[in-house]
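Data first, discussion second: the structure below is written as structure tokens.
The values are calculated or read from the model by the stated rules, or taken from the named source; none is laboratory data. Remember, predicted model here, so these are calculated numbers, not experimental data. Positions of Cβ are generated from backbone atoms using ideal geometry, with glycine treated the same way; all protein chains shown enter the neighbour counts. Side chains included, ligands, DNA and RNA excluded: accessible areas come from the protein's heavy atoms. Shrake-Rupley method; radii C 1.70, N 1.55, O 1.52, S 1.80 Å.
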2 protein chains.
Amino acid sequence: MYQVIDVDLGAQSYPIYIGQNCYVERDILARHIHGRQVMIVTQEKIAQHYLPALQKALVDYHCDVCYVPDGEAHKNLQEWQNIIDALLHSDHERSTTIIALGGGMIGDLAGFAAACYLRGVKYLQIPTTLIAQVDAAIGGKTAVNHVLGKNLVGIFYQPQCVIADINTLMTLSQRDYVSGLAEVIKYALICDARFFVWLEENMPALLARESSALLYAIDTSARIKARIVEQDEKEQGLRSLLNLGHTFGHALETAATYSDIRHGEAVGVGLLIATQLSADLGWLAVVDAERVKNLLAAAGFKRQLFPLPEASEWLRLMRHDKKTQDGKLNLILLKKIGEAVMTSEVREEQVKQVLGPECRM
Amino acid sequence: MYQVIDVDLGAQSYPIYIGQNCYVERDILARHIHGRQVMIVTQEKIAQHYLPALQKALVDYHCDVCYVPDGEAHKNLQEWQNIIDALLHSDHERSTTIIALGGGMIGDLAGFAAACYLRGVKYLQIPTTLIAQVDAAIGGKTAVNHVLGKNLVGIFYQPQCVIADINTLMTLSQRDYVSGLAEVIKYALICDARFFVWLEENMPALLARESSALLYAIDTSARIKARIVEQDEKEQGLRSLLNLGHTFGHALETAATYSDIRHGEAVGVGLLIATQLSADLGWLAVVDAERVKNLLAAAGFKRQLFPLPEASEWLRLMRHDKKTQDGKLNLILLKKIGEAVMTSEVREEQVKQVLGPECRM
């Protein structure tokens, strides 16, 4: 049983399947694998739960497996090159299909490898984390990190399909699972006030991973992402709204060199900062800022989640973000719950203030 | 003074400018550079001739230069990463423009870096070798080599424009210059019998680098390449005809680890082999095979140009080429002068025979 969301990108269009036990449905796999060779890119701890069933469903193909070490620190050019080497050493041809089985890191690495191997081979996304199912696996952003910042090297390269199976979320640690809720809340904040209300009411069910709540949250999030990507695949404008909380969050991840904090946790704190700054500027009503703060807190996101850098260091790291233009910071902020805007007009002192210890959030 | 050939690829369309002294025309540069930042990727020996004039034409921009060492052995992931590092360390933003000033190696490296830097920035091609002006700079193929073979890692990424200035060819060594004629002859062989006749008549003028002959040969070659790329950007079919001679040639380059031979020289020998095999199969008339052999010889291409690997080793290396499908060799061969076809039906013994010392070419 699964629902399908179509991402309409002309010749690069593809479906997102959302359901239970759909990642081993042979008809779905056969529909999107056109050659005889398959390379599954995954991690040991994911493989132990999901690889045997996937390999069984792929029994008609020549199937190789490439393992990537765990941890965002390994989302780098070295591991990307290891995937390319594995493909070459196993004689994979242009007709091969790469399957990314894992979280956003696996999808980003495998997608970037697919984009560059023999100038581009096909790939499928089977995201196994909430954050990847609602965000990373959709929209064709692939990349690796650089010591100077996150996702600085990569390309836009769309998959053949995305298979989001909620069964694969049941083995996630609560910390990993919950971190994905930051992106879900983000979608509500940028463009869906009704979804925000639904989240206020259903956060306990989501935290308990109840199937019906999960399917609704993933479906709603994936639809929002798909509609935005359709209108702005290469992030010329609209798509950058999806970076709400991310410019602040990426800098936090760089400061922590990707080791101690989850991407979703950094985004969660980034959403808090963006909300406070929006309120400070008088754009967002104080009562709404409180609601956002409360929803984020209900999901476990608060400023004290991990040690924060000094305001000036935080700001310096933000300047290395891809969204910088003519040296100016481009920030995504909130006009109200359900409406985000991009601005380059906020003065640095105001940003610095909200990053400092005197911030009320 | 310049002619313009438009490459029609929808949203990725771009012009090819062909002329004398056009690479420093400010109106051309301004038309294709949209930000304030420029990164010129080049080599020391090219820079000494052409960089000062280019920098003078770019005086209105913030202009950085990244040097790549000379030699195909440096067309690798390490040098690609060095370009990315240079861009990051000089704070280049998404609006930056990369200019590839050099031969095919520089264009391939800089284009691949442009494709992946911040998920894609704009780039211009200013090819300074004959082979790059008629082939490598046109059509958006970017790549680096791998120890297992040439151009195995890269993507299709179109430039903003190509500026082919014949003045930049005057400082080439005769060996470097002549090697480019292999690709010119290739275009005539695959689809233009009249151009083949013109080449038979004008080879002395071309070898002497006479302006009018050069402009005609580059214009004709670039037009053929543009028309083929327009019909098959991603090399699903037709475009693979441009690989006439290349499957044989790439293997030679891999065998020599890119050090002792020029790409064009390897292609020249590859064209000889493809011609002989086409004649052996009875596809190409013996008299026409002789004409091809004579034209190639007039340009300096013969089998004895450099030591060749054993037939079986040569064949083994060919199997690592990107054109392999289901383990079968895909070869481009000639039906007649001006008509090439792709085939996977030639028996390996026949290929092996033409690669061995008993071959008559």
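Name the single residue, out of those in region A:103-135 being within 14 Å of another protein chain (Cβ to nearest Cβ) and among the aliphatic types (A, V, I, L, M), that is nearest to the chain's Cα centre (by Cα). So that I can check it myself, show each step before the final result.
Taking region A:103-135 and keeping what is within 14 Å of another protein chain (Cβ to nearest Cβ), we get A:108-109, A:111-123.
Add one more test, that the residue is among the aliphatic types (A, V, I, L, M), and what stays is A:109, A:113-115, A:118, A:121.
Values: A:L109: 13, A:A113: 18, A:A114: 18, A:A115: 18, A:L118: 26, A:V121: 22 Å.
Across region A:103-135, the extreme among qualifying residues is A:L109.
Return the residue satisfying two criteria in turn: it lies in region A:60-76 and is open to solvent by less than 50 Å² (accessible area, probe 1.4 Å) and touching a residue at least 40 places away in the same chain (Cβ under 8 Å), and of such residues it is farthest from the other protein chains (Cβ to nearest Cβ).
A:G71
State all residues of region B:207-224 that are without any contact (Cβ under 8 Å) to a residue 40 or more places away in the chain and buried (at least 18 other Cβ atoms within 10 Å of the Cβ); if no residue qualifies, say none. Steps first, please.
From region B:207-224, those without any contact (Cβ under 8 Å) to a residue 40 or more places away in the chain are B:208, B:210, B:212-213, B:216, B:220, B:224; that's our starting set.
Scanning region B:207-224 gives B:A213, B:T220, B:I224.
If you take the residues in region B:82-93 that are in contact (Cβ under 8 Å) with a residue 40 or more places away in the chain and open to solvent by 20 Å² or more (accessible area, probe 1.4 Å), which one is nearest to the other protein chains (Cβ to nearest Cβ)? Break it down stepwise before answering.
Step one: filter region B:82-93 for residues in contact (Cβ under 8 Å) with a residue 40 or more places away in the chain, giving B:83, B:86-87, B:90, B:92-93.
Cutting the leftovers down to open to solvent by 20 Å² or more (accessible area, probe 1.4 Å) gives us B:86, B:90, B:93.
Numbers: B:A86: 12, B:S90: 11, B:E93: 6 Å.
Among them, the one singled out is B:E93.
With respect to the numbered conditions (1) among the hydroxyl-bearing types (S, T, Y); (2) within 14 Å of chain B (Cβ to nearest Cβ); (3) surrounded by fewer than 19 Cβ atoms within 10 Å (Cβ to Cβ), which one is the sole condition not fulfilled by A:T96?
Only one criterion is unmet by A:T96, namely (3).
Can you give me the number of residues within region A:231-241 that are in contact with a helix residue (DSSP H, G or I) (Cβ under 7 Å, 6 or more places away or on another chain) and within 14 Å of chain B (Cβ to nearest Cβ)? Working first, answer last.
If we filter region A:231-241 for residues that are in contact with a helix residue (DSSP H, G or I) (Cβ under 7 Å, 6 or more places away or on another chain), which is where we start, we get A:231-232, A:238-239, A:241.
Imposing the further condition that a residue be within 14 Å of chain B (Cβ to nearest Cβ) reduces the set to A:232, A:239.
The qualifying residues number 2.
Out of the residues in region B:156-190 that are touching a Ser or Thr at 6+ places or on another chain (Cβ under 7 Å) and open to solvent by 10 Å² or more (accessible area, probe 1.4 Å), state the one that is farthest from the other protein chains (Cβ to nearest Cβ).
This residue is B:L172.
Scan region A:225-240 for residues that are assigned to a helix (DSSP H, G or I) and open to solvent by less than 30 Å² (accessible area, probe 1.4 Å) and jot them down.
The answer is A:K225, A:A226, A:I228, A:V229, A:R239, A:S240.
Working only within region B:9-45, note down all residues that are of a type in the set (V, I, T), farther than 12 Å from B:V162 by Cα and crowded, with 20+ Cβ neighbours inside 10 Å. Spell out how you get there, then give the answer.
Within region B:9-45, the first condition is being of a type in the set (V, I, T), and the residues that meet it are B:16, B:18, B:24, B:28, B:33, B:38, B:40-42.
Keeping just the survivors that are farther than 12 Å from B:V162 by Cα gives B:24, B:33, B:38, B:40-42.
Hits for region B:9-45 are B:I33, B:V38, B:I40, B:V41, B:T42.
Go through (1) over 19 Å from B:T171 (Cα atoms); (2) open to solvent by less than 40 Å² (accessible area, probe 1.4 Å); (3) in contact with a Phe, Trp or Tyr (Cβ under 9 Å, 6 or more places away or on another chain) and name the single condition B:E79 misses.
All conditions pass for B:E79, except number (3).
For residues in region A:242-264 being part of a helix (DSSP H, G or I) and hydrophobic (A, V, I, L, M, F, W, C), which is nearest to the other protein chains (Cβ to nearest Cβ)?
Taking region A:242-264 and keeping what is part of a helix (DSSP H, G or I), we get A:242-243, A:246-255, A:263-264.
With the extra rule that they be hydrophobic (A, V, I, L, M, F, W, C), the set shrinks to A:242, A:248, A:251-252, A:255.
On the way: A:L242: 14, A:F248: 19, A:A251: 15, A:L252: 19, A:A255: 17 Å.
It comes out as A:L242.
When you scan region A:105-122, how many residues do you find that are part of a strand (DSSP E or B) and open to solvent by less than 10 Å² (accessible area, probe 1.4 Å)? Talk me through it step by step, then tell me what you get.
Initial filter on region A:105-122 (part of a strand (DSSP E or B)): A:117, A:122.
Checking which are open to solvent by less than 10 Å² (accessible area, probe 1.4 Å) leaves us with A:117.
Going through region A:105-122 one residue at a time, the tally reaches 1.
Select from region B:136-155 the residues that are over 23 Å from A:V153 (Cα atoms) and open to solvent by 10 Å² or more (accessible area, probe 1.4 Å) and write down the one among them that is nearest to the chain's Cα centre (by Cα).
B:A136
Within region A:39-59, is there a residue that is farther than 22 Å from A:M170 by Cβ, within 14 Å of chain B (Cβ to nearest Cβ), touching a residue at least 60 places away in the same chain (Cβ under 8 Å) and touching a Leu at 6+ places or on another chain (Cβ under 9 Å)?
No.
Only one of B:Q133, B:Q125, B:Q158 is in contact with a strand residue (DSSP E or B) (Cβ under 9 Å, 6 or more places away or on another chain), in a loop (DSSP other than H, G, I, E, B) and at pLDDT 95 or above. Can you tell me which?
Details: B:Q133 fails: in a loop (DSSP other than H, G, I, E, B); B:Q125 fails: in a loop (DSSP other than H, G, I, E, B).
The match here is B:Q158.
Quick one: which strands (runs of 3 or more DSSP E) sit completely within region B:1-91 and have at least 3 residues that are aliphatic (A, V, I, L, M)? Give the steps one after another, and end with the answer.
Numbers: elements: B:2-7, B:14-19, B:37-42, B:62-67.
Once the strands (runs of 3 or more DSSP E) in region B:1-91 are filtered for at least 3 residues that are aliphatic (A, V, I, L, M), what remains is B:2-7, B:37-42.
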